[in-house]
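Visitor: Dropping a structure here in structure tokens format, bear with me for questions.
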Amino acid sequence: MARTKLNPEFEIEVDGEPYVWRLQRRPQWSSDAANWRGMAIAVRHREGQREAVLEFPPGAQPRFGAAQLQPSQIASDLVARAIASAITAGWAPHSRGKTVAIEVDEAGG
């Protein structure tokens, strides 16, 4: 799947395995739930095809006019902890199937 400049992919290694991640959703207002939704990152194994969407809690509401979160601002150790917790929660990156949505805490655990 081709990615644009607006949605760049980043490589990361967790427990010796190569993964690719991208920012799926920035923190935003949700009219469905009438509250803030946190960021979400999409992760897949470099050789795998099953993707997991790791959803973070919303955190503090951004100030009006503040710059939007950029993927390069997300700490790689946060992403690594989130991937490790997704695997612990049962995500099998080498299996086939639908995308799995996993909620993690603000520390990625």
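The values are calculated or read from the model by the stated rules, or taken from the named source; none is laboratory data. Just so it is clear, the model here is predicted, and its values are computed rather than measured. Cβ atoms come from the backbone with ideal geometry, glycine included; neighbour counts cover every protein chain shown.
Visitor: What number of residues in segment 54-76 are modelled with pLDDT under 90 and not in a loop (DSSP other than H, G, I, E, B)?
Guide: Of the residues in that region, 4 qualify.
Visitor: Restricting attention to segment 18-38, report how many residues are free of Cβ contacts under 8 Å to residues at least 40 places away in the same chain and closer than 18 Å to Ala84 by Cβ.
Guide: 2
Visitor: Quickly run through segment 84-98 and pick out the residues that are surrounded by 13 or more Cβ atoms within 10 Å (Cβ to Cβ) and in a loop (DSSP other than H, G, I, E, B).
Guide: Ala89, Trp91, Ala92, Pro93, listed by residue number.
Rundown of residues vs (1) surrounded by 11 or more Cβ atoms within 10 Å (Cβ to Cβ); (2) part of a strand (DSSP E or B); (3) in contact with a Ser or Thr (Cβ under 8 Å, 6 or more places away or on another chain); (4) modelled with pLDDT under 90, yes/no style:
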| position | (1), (2), (3), (4) |
| --- | --- |
| Arg3 | no, no, no, yes |
| Asn7 | yes, no, no, yes |
| Ile12 | yes, yes, yes, no |
| Trp29 | yes, yes, no, yes |
| Val43 | yes, yes, no, no |
| Ala52 | yes, yes, yes, no |
